[in-house]
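Each remark here refers to the structure printed beneath this line.
The values are calculated or read from the model by the stated rules, or taken from the named source; none is laboratory data. As the structure is a prediction and not an experimental result, all values here were calculated from the model. All Cβ positions, even for glycine, are placed from backbone atoms using ideal geometry, and neighbour counts span all protein chains on display. We work out accessible area using only protein heavy atoms, side chains counted, and drop any ligands, DNA or RNA first. Shrake-Rupley method; radii C 1.70, N 1.55, O 1.52, S 1.80 Å.
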Amino acid sequence: MAAISDKLDAFFTEKMKEYPTKRGFLVPMLLYSQDEVGYLSDAVIAHLAKKTELTELEVRNVISYYSMLHTKPMGKYHVQVCTNISCMLRGGEEILEHCKQQLGIGHKQTTKDGVFSLEEVECIGACSWAPAVQVNYDFHENLTSEKMEAVIEHYRKKARQ
Amino acid sequence: MAELTSHPDEIKVVSKRFGKGATDIETYLKLDGYKAAQKALTMAPDDIINEVKTSSLRGRGGAGFPTGMKWGFVPKESAKPKYILVNGDESEPGTCKDRPILEQDPHSVIEGVIIAGLAVGAKQGFIYIRGEYRYLVDIMRKALADAYAKGFLGKNIFGSGKQFDCYWHTGAGAYEVGEESALMESLEGKRGIPRIRPPFPAVVGLWGGPTVINNVETIASVPHIILMGGQKFADYGPPKNGGTRLFALSGHINKPGVYELPLGYPLKKMIYDVGGGIPNGRKLKAVVPGGSSTFILTAEEAEQMNMDFDSFAKRGEFLGSGGVVMLDDTTCMVKFALRIMKFYQHESCGWCIPCREGTDWLKKTLTRFHNGGGLRKDIDNIKYLAQNMLGRTFCPLGDAAAIPTMSIVDKWRSEFEAHLEGRPCPFDPSAKITELPVVGAH
Amino acid sequence: MAEVKNVTITVDGKQVTAPAGTLLIEACKAVGIEVPSFCYYPGLALQAACRMCLVRIEKMPKLQTACTVPITDGMVVATDTDEVRQARKSMIELLLGNHPLDCPVCDAGGECELQDMTFKYGAAESRYMEGKLHKEEQQWSPVVFFDRPRCILCYRCVRVCGEAMDVSALGVQLRGSSSVIAPNEGDHLNCEECGMCIDICPVGALTSGAYRYKTRPWEMKHVGTICTHCGDGCKTTLGVRRSDTGMDIVRGDNRDKSGINGDFLCIKGRYAFDFFDHPDRLRQPLIRKEGKLTPTTWEEAIEHVGRRLREVRDSKGGQAIGVIGSNRATNEENYLLQKFARTVLGTNNVDHQRTADFAGFARAVAGKENITATMRDVASAPAILLVGNDPTERHPLLAWNIRNNVRLNGARLYVVNSQAIKLRRQAVRFVQIPAGSESKLVSFLNGEDAAAGSLTSAGASNDALKQLRDELKAQKNLIVIFGSEIQGADIAALIKFGSASGAKFICLGDYANSRGAADMGLYPDLLPGYTPLSSGQNFAEDWGQLPSGKGLSLAEMKQAIKERRLGALIVVGPDAPDDLGLELLGASDTFIVTLELFQEQNGASSPSRRSWASVVLPAASAYEKAGTFTNTCGDLQMLKKAGDITGIKSDFEIIVRIAERMGVDVRKLVPFGQGVRADMGQTRGAQSGEADRHSVWLAANGLEPRLSPFDPMAILDEIQRLVSGYELSRLNLLAGNDQHMHAAELSKAGAAAGLVQISPANDSLFTSGTLGRYSKVLNDVIESHRAPVNKEVMAE
Ligand SMILES: Cc1cc2nc3c(=O)[nH]c(=O)nc-3n(C[C@H](O)[C@H](O)[C@H](O)COP(=O)(O)O)c2cc1C
Ligand code: SF4
Ligand code: FES
């Protein structure tokens, strides 16, 4: 099995042409590969290292720098709760606490069924619409505990489909 | 989608197309879109730069550096390609004003990049958007594709015979990558470690070529300046602080949101008129004027400030990123200081000693302090550590961590004292008396 | 090159003049003002990470890092103000916050830059009250251990491994206070094991498996000597400590950066001294009694050898005795050996394993001036052509110099090789030619276009070859370096090509003193200094009558052994050829003496030599004696005695003693007791053992100047006098400096003497002939590199 889909690989090959060096598009490639595979597996790392003519060490150095990149599988829905200042002032910590309760997991943990993982994150640029949560890339804003509960239920249902 | 808000005092320049469907290129064109780029094509590069200088546009990313001057630093002749790099890493706590621009008016950014390119002689631009803003990346990708399809980008832009390419790029979670030299490293596919300066990016930037780096809002202001004329833009604000700016109000405020107000707008009016005041009849305690990296104002100070670069510079402080955060009197300032430090500790790139070790040490001490384990000498130690970071780190992130910390210790020392010796946090009804940790000599 | 202007700045009130662009930290150093630093390291990329070097520069808003600021005219700098001192102090405080205080058990304790800085600039009291990070120490390879909490993240290791070694096995992972140095294989290293990262680490974060917890730095004496492994001649400092069996070598490093190797040492120079106390080390002479080698006394052994050699000489003549010298013996020993052979045994049957055609090289450069390059030249020459060899594996220092010359000075490197050797990565042009076609390449360079036919391949198009030739011709001050692929007439042709544009040359041979062995006349047809037997008048005047006629070469000796024509054979050194065919001697009474380091030979073919020996004498390695080595470039350096093993003697002493037993006037062999150039103890290393032996002899013979025939310095006098090209400054020698010798250029070597047999050692980075087989470090490394890597194999 290929590390990433041919389609994604072809997309990378095209995008790489926009950069004067092979590694230019590396960070987005890592993120998009993670989106497809679920995490940055050894196979993905080896593939991208080859593609960018870097050592795997060098690719790992880059991966470990960026907080959105993971080398272990996460939940299908990654719930990221902002508790930075604007969210904290409007109940972000309560939202986090609520998520922990409802999901039964803590910071950087994944539910047994692999559906959810939880992470307390830094400012996600939703300060004026705080408190806010991102599930994968989707923003959920102006939250309350009730709304948060509904958000999680929504994804739980989606997972079952 | 970010909710849009508005207020009568607003002067809509950058936000004039918000809510009007301008992501669609046809709509954008109907709303004067790409006229500025075409106008710029008829102008001499120096005239474009002069127009921007006249506008007294200053960087909206936080540092407030005069944009026209920055462009003027780019050498005319360069063996290596020149680049325009748009900083859409927006990660400064309290700041969410680039997001509506990228969401509502992506073409204004592209158009700004084209004009910047014409001004400095660059043929390529990159728009870097933080990884979390994936939906904005998708919007930008479509906008770029549409602009290419129309011939506004590519080998022969607007039929002028000139070439200009513009690409999108995305981060993957790192505040430090918003720092301009770390941004370039990230765009080159590396860890976001800042570069040694000088040389500055305008001379040696991306892949060694001269590079103009501007914030999304700065770049999005440019087409408007070209169309309306620099002077008109400048006249919106006080001298040397030209134009309007998007202010993101958040925290304890009745009407949070992003508002476009002229520079120099009184902070008091911003809080009580535009923002509708403090909720639940509480009293204002403190204001973060422009993202977590700025000196924090007491309510009294806040009520006298005008929101322009020089009013803050006069006090040796910073206007910052446009993220205005209000704190009411229920807020524990020790906890607030801790939350800010937790952020910087998490986001320090770790390259230099004072930032890496200082943020870690401060986070640990503030945590212990907030949990009731604080000792009197910790208060001075916190300030000592912050002072020793200030001005000594490799990049301004260390300063950014030190500044709010120092101002909180200075201005709310009594709150630190209230936490001393095992006493519970006075702002947290559920907090209990903690046992003092045994603190030995190490 | 554009002229660099000098500028003048003021530092702490002192005027400093230096070329514009000099880094402030270096300019300060030049006038004795120390600006502290952790991350700054000359020759490596600037980091500005540790912030220790912050200074106040007038007109600048903030403190500035002296490690990154180039000086400009009129700059006014303060490095010693309260503000600067306070900044330094706080950096130390911040570092110590999370740094374990396990100095008493840390290998770096006593030679730790953080300790020193804390002492000099730090704070007495600690403000830190939080918990410290604890992590178990990790072993990354047989030689590299990593203690994470001790790491101060100066990134020196990462840079030296990447920039200077071109290995890039270390990286930085995670960020912020979690940042960590990481090895390339996740939990271990796959690298050249050079130990440069350990050496450059300012604290005890990277420590060496060979030295860990063995001793404290202040309990050692440090002896600067020359590495005994490859032919490059790195200076290595051996840390020695007294033990009950003599003097132990505990550690090797390159703390003395004045050597030709500057910052560099490879794994062998740094760690592979450990053969010296291998349990198999021979510590007593062995003599064959009733068919079995039996331990005996030195007295009996030497007596026996002396008597038997005399018998053979007197009964069968000198031509029945063969002498095989060593590529690992000192110049003095090899000189003495051939002198002994020619004047005492009366034979020219002298040779050694030739790993390069140095004689051919001498013939080709004879009479030319400024034609040989030094190892130091390689570090600064503007252009280099490398033909054959793989220096990364076989000449690590040479490779380092080439690599870093390219990196730091922009030297242009041209590589021609039959393999895709690693140095191609630094080359402006790499031309891959079929193995064995090196000769054709030389012809092609000399204008024979037709030769291109047998060179062209995927790696070398006709155009590429022409371009190579054209570019090479245009290079000024080129250095041409060639391996043993080029021999005899090809050497002459290559020199003809290069010398047309003023190039200098290096001929690559293996082993620490193969060049010295050649220079010292271990040839059947050449006296020292590549002097043909027919032109050896000055030697004859000094030594008396010399045997006439060319002696047997190594190959001919083998033939003579086969035909049982030899009555006696002397074999010196651990790496003498194994394939002498001694087993063919059967039960003959050929008398065989070998000078050996080890008792049990675990190497594949070695037993043959020992199992047929009549007498085996336990000899000293290069780390246990004094003398000089000449590296492959012709650079001469001094060995100092470091280790000491009871029961062994240097080859030098053994030869002198044998000669004495044969009834020779030892004064004729070793002109001791004359002149003022005597060793006044300088060569005797860190202990008194050897000095005692000198005095024993002197006392016994009533000779008063403190000199003995075991003093190699005495024969160095003669070498200096008789071997042209070996004029050297004794002062420089004793100071530990390298001096370039010109034996090849000044030789009178005549026409080539038929077929030469060159057999390179073919050692790799992790092997070193017999010595390597007895080195635990090298064996461990080979083993660990062989171990199956537990890695998921990607399914495609
Ligand atoms: C730690 C740090 C983070 C920053 N993050 C951002 C950011 O997210 N967006 C931004 O536009 N500028 C950011 N900046 C400022 C940039 O370094 C740079 O000054 C700015 O992009 C220049 O654009 P401007 O002149 O248009 O403001 C950051 C600076 C620092 C020191
Ligand atoms: S101040 Fe230093 S450690 Fe902090 S982010 Fe900047 S360079 Fe990195
Ligand atoms: S030596 Fe200058 S910052 Fe480290």
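Calculate the length of the line joining the C-alpha centroid of the stretch C:211-250 to that of the stretch B:389-434, in whole Å. Taking the Cα centre of each part, the stretch C:211-250 and the stretch B:389-434 sit 53 Å apart. Partners of C:Lys292 within straight-line reach, counting lysines whose Cα lies under 25 Å from its Cα and excluding those fewer than 8 residues away in the same chain: C:Lys558, C:Lys562, C:Lys649. Normalising the average separation of contacting C-alpha pairs (under 8 angstrom, six or more residues apart) by the number of residues puts the relative contact order of the stretch B:86-230 at 30 percent. Summing Cβ point charges (Lys, Arg +1; Asp, Glu -1) relative to the Cα centre of the stretch C:231-296 gives a dipole of roughly 180 debye. Each semi-axis of the equivalent ellipsoid for the stretch C:163-251 is √(5λ) with λ an eigenvalue of the Cα gyration tensor; in descending order they amount to 30, 18, 11 Å. Taking all Cα pairs closer than 8 Å and separated by 6 or more residues, the relative contact order of chain C comes to 15 percent. Listed by chain and number, the aspartates and glutamates placed with their C-alpha closer than 13 angstrom to that of A:Lys100 are A:Glu119, A:Glu120, A:Glu149; residues fewer than eight positions away on the same chain are left out.
The label point for C:His785 and the one for A:Glu18, both projected 7 Å from the Cα toward the Cβ, are 4.3 nm apart.
Ordering C:389-402, B:74-87 by mean Cβ neighbour count within 10 Å, with the highest value first, yields C:389-402, B:74-87.
Between the Cα long axis of helix C:298-316 and the first principal axis of chain C there is an angle of about 50°, rounded to the nearest 10. Over all other residues within a Cβ to Cβ distance under 12 Å of C:Ile33, the charged ones net out to -2, with Lys and Arg as +1 and Asp and Glu as -1. Fully extending the segment from C:Asp463 to C:Lys62, taken as 0.36 nm per residue of separation minus the present Cα-Cα distance, adds 138.7 nm. Largest accessible area first, the residues A:His154, C:His785, C:His134, C:His278 order themselves as C:His134, A:His154, C:His785, C:His278 under a 1.4 Å probe with ligands, DNA and RNA left out. Using the charge dipole of the protein assembly as shown (Lys, Arg: +1 at Cβ; Asp, Glu: -1 at Cβ; taken about the Cα centre), state which of A:Ile105, C:Ser548, B:Ile127 has its Cα farthest towards the positive end. The listed residue farthest towards the positive side: B:Ile127. Mean partner shielding of peptide C:42-48, defined as the number of other chain Cβ atoms within 10 Å of each residue Cβ, is 2. Within straight cross-link reach of C:Lys5, meaning Cα distance under 17 Å, which aspartates and glutamates are found once same-chain residues fewer than 8 apart are removed? Candidates past the 8-residue exclusion: C:Glu26, C:Asp73. Most tightly packed first, judged by the mean number of other beta-carbon atoms within 10 Å of their residues, the peptides B:13-21, C:630-638, A:27-35, C:478-486 read C:630-638, C:478-486, A:27-35, B:13-21. When only alpha carbons are used to place a centre, the stretch B:349-384 and the stretch B:207-262 end up 36 Å from one another.
Counting charges near B:His224 (Lys, Arg +1; Asp, Glu -1) among other residues having Cβ under 12 Å from its Cβ returns a value of 0. Rounded to 0.05, the FRET efficiency of the C:Gln138 and C:Leu734 pair, given R0 = 60 Å and the Cβ-Cβ distance, is 0.85.
Based on alpha carbons, the Rg and Dmax found for the protein assembly as shown are 37.9, 124 Å.
Taking only C-alpha pairs under 8 Å that are 6+ residues apart, what is the relative contact order of the stretch C:553-594 in percent? Worked out over the stretch C:553-594, it gives 51 percent. Think of the stretch C:186-225 as a dipole: +1 on every Lys or Arg Cβ, -1 on every Asp or Glu Cβ, centred on the Cα centre; then among C:Ile198, C:Ser208, C:Gly224, C:Gly224 lies furthest on the positive end.
Checking the table C:Lys221/C:Lys625; B:Lys20/B:Lys70; B:Lys432/C:Lys135; B:Lys35/B:Lys142 against a 22 Å threshold on Cα-Cα, which pairs fail? Beyond 22 Å between Cα atoms: B:Lys20/B:Lys70; B:Lys432/C:Lys135.
Between C:Asp280 and C:Gln559, full extension at 0.36 nm per residue minus the direct alpha carbon distance yields a gain of 97.3 nm. Taking a ≥ b ≥ c as the square roots of the eigenvalues of the alpha-carbon gyration tensor, the stretch B:264-303 is classed oblate because a/c is 1.5 or more while a/b is no larger than b/c. Shielding by partners for peptide B:132-144, expressed as the average number of C-beta atoms from other protein chains within 10 Å of each residue's C-beta, is 3. Report the paramagnetic label zone for C:Asn6: residues of the stretch C:26-50 whose backbone N is under 15 Å from a point 7 Å from Cα along the Cα-to-Cβ axis. It comes to C:27, C:30-31, nothing else. Helix C:462-474 and the longest principal axis of the C-alpha atoms of chain C enclose an angle of approximately 90°. Note on B:Glu3 and C:Gln537: their simple-model spin labels are 11.1 nm apart, each label 7 Å out from Cα toward Cβ.
Distance between the pseudo-spin-label points of B:Thr367 and A:Glu153 (7 Å out from Cα toward the beta carbon): 3.6 nm. Packing here is the average count of other Cβ atoms within 10 Å per residue, and on that basis the peptides A:5-18, C:423-436, C:328-341, A:69-82, highest first, run C:328-341, A:69-82, C:423-436, A:5-18. Checked against a 23 Å cut-off, the cross-linked pairs A:Lys147/B:Lys335; B:Lys39/B:Lys123; B:Lys190/C:Lys422 give Cα-Cα distances beyond that limit for A:Lys147/B:Lys335; B:Lys190/C:Lys422. On the basis of the beta-carbon distance and an R0 of 30 Å, C:Asn477 and C:Ala366 show a calculated FRET efficiency of 0.85. With R₀ fixed at 51 Å, the C-beta to C-beta distance from C:Ala30 to C:Arg307 puts the FRET efficiency at about 0.20. May I ask for the net charge around C:Leu746, where only other residues with Cβ less than 15 Å from the Cβ of C:Leu746 are counted and Lys, Arg are +1 while Asp, Glu are -1? Taking every Cβ under 15 Å from that of C:Leu746, the sum is +1.
Counting Cβ atoms of other protein chains within 10 Å of each Cβ in A:14-20 and taking the mean gives 4. Compared with the dominant Cα axis of chain B, that is its longest principal axis, helix B:134-149 is turned about 10°.
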